[in-house]
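Have a look at the structure below, then the notes.
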Amino acid sequence: MEEGDRLMRYWLFKSEPSTWSWDQQVAKGDAGEEWDGVRNYQARNFMREMKVGDRGFFYHSQKEKAVVGIVEVCATAHPDSTTDDERWECVEIKAVEAVPNPVTLDQIKADERLEEMVLVKNSRLSVQPVTEAEFKVVCGLGGL
């Protein structure tokens, strides 16, 4: 899984379904959508590290608290169109596939293989890295 000489990286993107849902993401097709509105420096810095082709989990926060889909970064960090403040940047992502069996936060917390996952340690961060091993475990739990 290499892109040039760089290994693919994995991420998790959290969204409140009432604001931006998996179904809305899927409806955008290959054009994808800006992951805009992030106003946390750590999350922004993670987006600055992303490359086209990186994969990520689409995570519904709030009530559902579950990984519901797989996305792919389709445009690298650029100015966030929702603000004139040049400090804020975002990437663009597109839906790749739905997770057949959404993986809940409780399932993730209960799996000792995932005890170091950022989602477990810092569940408030809206954009976060995921290791390749964690990505594979969650995909397995989700039926992929």
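Applying 1/(1 + (r/R0)^6) with R0 = 22 Å to the Cβ-Cβ distance of V52 and Q24, what FRET efficiency is obtained, to the nearest 0.05?
My answer for the efficiency is 0.55.
Normalised by the residues of the chain, what does the relative contact order come to in percent, with Cα pairs under 8 Å and at least six apart?
29 percent
Count the net charge of all other residues whose Cβ sits under 15 Å from the Cβ of F135, scoring Lys and Arg as +1 and Asp and Glu as -1.
-3
Find the accessible area per residue for the chain; the probe is 1.4 Å, ligands and nucleic acids are left out, and the unit is Å².
About 53 Å² of surface per residue is accessible.
What is the local net charge at C90, summed over the other residues whose Cβ is closer than 11 Å to its Cβ (Lys, Arg +1; Asp, Glu -1)?
The answer is -3.
Which lysines, on any chain, are close to K63 with Cα under 22 Å apart, when same-chain ones fewer than 8 places away are left out?
K14, K109, K121
What residues from the range 74-100 fall in the zone where the backbone N is under 14 Å from a label point 7 Å along the Cα-to-C-beta line of A31?
93-95
With all protein chains present, how much of the accessible area of the range 35-144 (probe radius 1.4 Å) comes from carbon and sulfur, to the nearest whole percent?
46 percent
Select from S18, G29, M50 the residue farthest towards the positive end of the dipole of the range 5-50; place +1 on Cβ of Lys and Arg, -1 on Cβ of Asp and Glu, and compute about the Cα centre.
Value: M50.
Hey, quick one: spin label on D84, modelled 7 Å out along Cα-Cβ, who in the range 16-48 has an amide N within reach, i.e. under 18 Å?
Of the residues in the range 16-48, 37 have backbone N under 18 Å from the label point off D84.
Divide by every residue of the chain the summed helix terms, -39500 (n - 2.57) for each DSSP H run of at least 4, and state the resulting mean residue ellipticity at 222 nm, rounded to the nearest 500 deg cm²/dmol.
Per the formula, -6000 deg cm²/dmol.
Give the peptides 36-45, 126-135 in descending order of average Cβ contacts within 10 Å, highest first.
Listed from highest to lowest mean packing, they are 126-135, 36-45.
The values are calculated or read from the model by the stated rules, or taken from the named source; none is laboratory data. Treat the numbers as computed from the prediction; the structure is a model and nothing was measured. Glycine gets a Cβ as well: all are built from the backbone with ideal geometry, and neighbour counts include every protein chain shown. The protein model used for the area step is the full one, side chains on, heavy atoms only, and it has no ligands, DNA or RNA in it. Shrake-Rupley method; radii C 1.70, N 1.55, O 1.52, S 1.80 Å.
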